[in-house]
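Structure record follows, encoded as structure tokens.
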Amino acid sequence: MIADPRGEGRAEAGVTEAELAGLGVHRIPVPIPFPQAGGPVNVYVIEERDGGILLFDSGLGSPEGHAALEAGFARIGRRFDEVTRIVLSHGHVDHYGAARFVQERHGGSIPVFAHPADVSKVAEAGWRWRDRAPLYAAHLARLGVPAETLAAVATEGERGFGLARRIAEVRPLEPGTILETRHLRLEVLHMPGHTPGLLCLHDRERRLFFSGDHLLEKVSPNPLIELGPDGRDGHFRPLLAYVESVGRMRALDLDLVLPGHGPPFSGHRAIIDALLGFYERRQARIREVLRDGPRTAYEISRALFPSARPGDAFLTISETVANLELLEARGDVVREEQGGLRRHRLAG
């Protein structure tokens, strides 16, 4: 899951992080307990035309996350009651978890926005992990995951979702919407892959791109299994969606990417090319594993990630399944269902 597609690089040109404050953009790193993410999650404070501030993501709803937000606001000389709106890049706990905290510190009403496909992940009325956990457990069992590993996955899921409070009202934010701020004209772009409803913000004139977890400099965005409400899989194939959307990002002329984790970076095309090459190598490794005969997704994931902890199984299997779906779409791999288990074999 962790990839360093570019390694050391050189900034191309244009805006640097030191100059971002002049554009009314401030980055607050918030600590998270997920080492796979590649570092603290970023909360972007963007100055509004009327003197208020827009937050792009809110960070994690842990005591450490709250403290980091408070320290970050104090460092840049801003107050929580100046927040006018919160835009969420996607519905993962480290990106929305502190939104309720910000609302409470504000003392009034702050609208929260997300893509319609991710609203149910963050809204009070949306589905809960405890409700979907049996569906995911049954699906993972079909993929060959043993009972003890399923228990570890369930525990890890409960721990993660406990670091965020749901938001009473989340308003849908449609792609193509323009967010006018003090200095920026940010177009909302839908970039599915990491989640079905991941949003990015793009200032075309200044060639800035707020990427959330769509593109990170040194970490491959994990394509997670997304089951439908009835527990069926296949309604969203994350890696296929990601390859298409990251191709659209590659076509953009950008000077600086402001990611969901880590410092801003340039050279997005080189990173995307390296990341796609990384996935190609992973798929080649899967084909090698399948040369010895049909395997379950769990067996393949153990070959790809032999040192992974049982609690990380959802991440490793998700990445394995996503690559298998791409190989199936290309006609390289075939899936078979027998005796309650799903196995994959090489085509032909």
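Before moving on, here are some points about what is shown:
- Legend: calculated FRET efficiency, residue 292 to residue 34, from the Cβ-Cβ distance at R0 = 35 Å, rounded to 0.05, equals 0.60.
- Check: the chain dipole with +1 on Lys, Arg Cβ and -1 on Asp, Glu Cβ, in debye: 520
- For segment 70-118 and segment 223-281, distance of Cα centres in Å: 25
- Lys, Arg +1 and Asp, Glu -1 on Cβ, resulting dipole of segment 72-148 about Cα centre, debye, nearest 20: 80
- Whole-Hz Karplus values for segment 78-89 come out as 10, 10, 5, 6, 8, 5, 9, 6, 10, 10, 9, 5 Hz, taken residue by residue from phi with 6.51 cos²θ - 1.76 cosθ + 1.60 and θ = phi - 60°; glycine and proline positions read x.
- Listed residues 186, 23, 173, most fluctuating in the chain (Gaussian network, C-alpha, under 10 Å): 23
- Nearest-0.05 FRET efficiency for residue 161 and residue 106, computed from C-beta distance (R0 35 Å): 0.90
- Share, in percent, of DSSP beta bridges within the chain that are antiparallel, nearest 5: 70
- Mean Kyte hydropathy of -0.5 or more with a Cα span along the axis of at least 30 Å, helices from DSSP in the chain: 268-290
- If you take the alpha carbon atoms of the chain and fit the smallest convex hull around them, that volume is 128 Å³ per residue.
- Phi angles of segment 209-224 translate, via the Karplus equation with coefficients 6.51, -1.76, 1.60 and θ = phi - 60°, into HN-Hα couplings of 9, 8, 9, x, 9, 5, 9, 10, 5, 10, 10, 7, x, 6, x, 8 Hz per residue; Gly and Pro are given as x.
- Spacing of the modelled spin labels on residue 253 and residue 341, each 7 Å from Cα toward Cβ, amounts to 5.5 nm.
- Computed over the alpha carbons of segment 251-297, Rg followed by Dmax gives 16.2, 47 Å.
Every number here is computed from the coordinates shown, using simple stated rules; none is lab data. Predicted model, so just to flag it, every value in this text is computed and none were measured. Quick reminder, even Gly has a Cβ in these numbers, built from the backbone with ideal geometry, and neighbours come from all protein chains shown.
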